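Peer 1: Quick one: this structure, given as structure tokens, is what I'll be asking you about.
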Amino acid sequence: MDALSMISKRALRELLVKDWMTHDAMWLQQSIEACGAEKACAMNTAAVEAMAQIEIQRIKKVLRFTNETVETFNDLKTVIDGAFSLIKGDFMKFNFSFPEENIFQWEWANGSCFAYKGVKRLGIADHYQCGIMIRLEAWLKGLGVEYRVEPEIDGCLMNTNETCSGRILFNVEV
């Protein structure tokens, strides 16, 4: 019996997401040692943005979303919900919702951002640009969506505010 038939889709997703996040953290740690925190964080930001724009196209394909760009808020919700259901591991303790038309809201439960904990352990929280928000914003760019983030993020909100929550306002048809 092969391993894929022995485990659930959820267990497979958890394994792949944890392995990806571990790779990301180890790459960042090695980059810090080789280049310094400032340069490593800049490289990480560029890599996440480039990867996420490719990733959202793959996610659209898996979700069978055939439009080149997102035209309506319902389409946007469908793609974002689908993307997070595929890439959000159970250990990622953030909540998101669409409380009103053209609004996406997020919040990390009890300051539990795994990325912040990791960069804090690496001692680079002051240099870190939130890779999670960079990833989400790159998705939106890849979907051709106009948006603005409140509050504007420069660095890591957990590092500066000890909390991370906000909203994204979209400019799409409802």
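The values are calculated or read from the model by the stated rules, or taken from the named source; none is laboratory data. All of these numbers come straight from a predicted model, not from anything done at the bench. When we count neighbours, we look across all protein chains shown, and the Cβ atoms used for this are built from the backbone with ideal geometry, even at glycine.
Peer 1: With the structure loaded, tell me whether GLU49 is more than 19 Å from the chain's Cα centre (by Cα) and either acidic (Asp, Glu) or over 22 Å from PHE170 (Cβ atoms) (or both) or whether it fails that test.
Peer 2: So GLU49 does not fit the description; no.
Peer 1: Kindly provide the set of residues from the stretch 33-42 that are buried (at least 16 other Cβ atoms within 10 Å of the Cβ) and either of a type outside the set (Gly, Ala, Ser) or part of a loop (DSSP other than H, G, I, E, B) (or both), ordered by number.
Peer 2: Answer for the stretch 33-42, where residues must be buried (at least 16 other Cβ atoms within 10 Å of the Cβ) and either of a type outside the set (Gly, Ala, Ser) or part of a loop (DSSP other than H, G, I, E, B) (or both): just CYS41.
Peer 1: Right, something else. I'd like the residue in the stretch 21-42 that is touching a residue at least 40 places away in the same chain (Cβ under 8 Å) and of a type in the set (D, E, K, R) and, out of all such residues, is farthest from ARG135 (Cα to Cα).
Peer 2: Looking at the filtered set, the residue picked out is GLU38.
Peer 1: I'd like the residue in the stretch 135-157 that is of a type in the set (A, V, I, L, M, F, W, C) and surrounded by fewer than 19 Cβ atoms within 10 Å (Cβ to Cβ) and, out of all such residues, is farthest from ALA42 (Cα to Cα). Walk me through how you get there before you give the answer.
Peer 2: In the first step, residues of the stretch 135-157 are kept if they are of a type in the set (A, V, I, L, M, F, W, C); the result is 136, 138-140, 143, 145, 149, 153, 156-157.
Keeping just the survivors that are surrounded by fewer than 19 Cβ atoms within 10 Å (Cβ to Cβ) gives 149, 153.
On the way: VAL149: 20, ILE153: 15 Å.
Once the filter is applied, the top-ranked residue is VAL149.
Peer 1: Quick one: in the stretch 43-81, of everything that is surrounded by 15 or more Cβ atoms within 10 Å (Cβ to Cβ) and not in a helix (DSSP H, G or I), which residue is modelled with the highest pLDDT?
Peer 2: LEU63
Peer 1: Do you know which residues across the stretch 122-138 are in a helix (DSSP H, G or I) and modelled with pLDDT of 90 or more?
Peer 2: Scanning the stretch 122-138 gives GLY131, ILE132, MET133, ILE134, ARG135, LEU136, GLU137, ALA138.
Peer 1: Quick check on this structure: which one of TYR128, TYR116 is touching a Gly at 6+ places or on another chain (Cβ under 7 Å) and either within 23 Å of ILE56 (Cα to Cα) or buried (at least 16 other Cβ atoms within 10 Å of the Cβ) (or both)?
Peer 2: Answer to the check: TYR128.
Peer 1: Right, another one. Take the residues in the stretch 89-99 that are modelled with pLDDT under 95 and in a loop (DSSP other than H, G, I, E, B); name whichever of them is surrounded by the most Cβ atoms within 10 Å (Cβ to Cβ).
Peer 2: Ranking the qualifying residues of the stretch 89-99, first place goes to MET92.
Peer 1: Continuing with the same structure: GLN129: touching a Pro at 6+ places or on another chain (Cβ under 6 Å), among the polar types (S, T, N, Q) and touching a residue at least 40 places away in the same chain (Cβ under 8 Å), yes or no?
Peer 2: When the stated conditions are applied, GLN129 does not pass them.
Peer 1: Okay, next question. Which pairs have Cβ atoms under 8 Å, sit 6 or more apart or on different chains, and link a residue in the stretch 135-154 that is closer than 14 Å to LEU169 by Cα to one that is among the basic types (Lys, Arg) and in a strand (DSSP E or B)?
Peer 2: As it stands, the answer is VAL149/ARG167; GLU150/ARG167, since those pairs meet every condition given.
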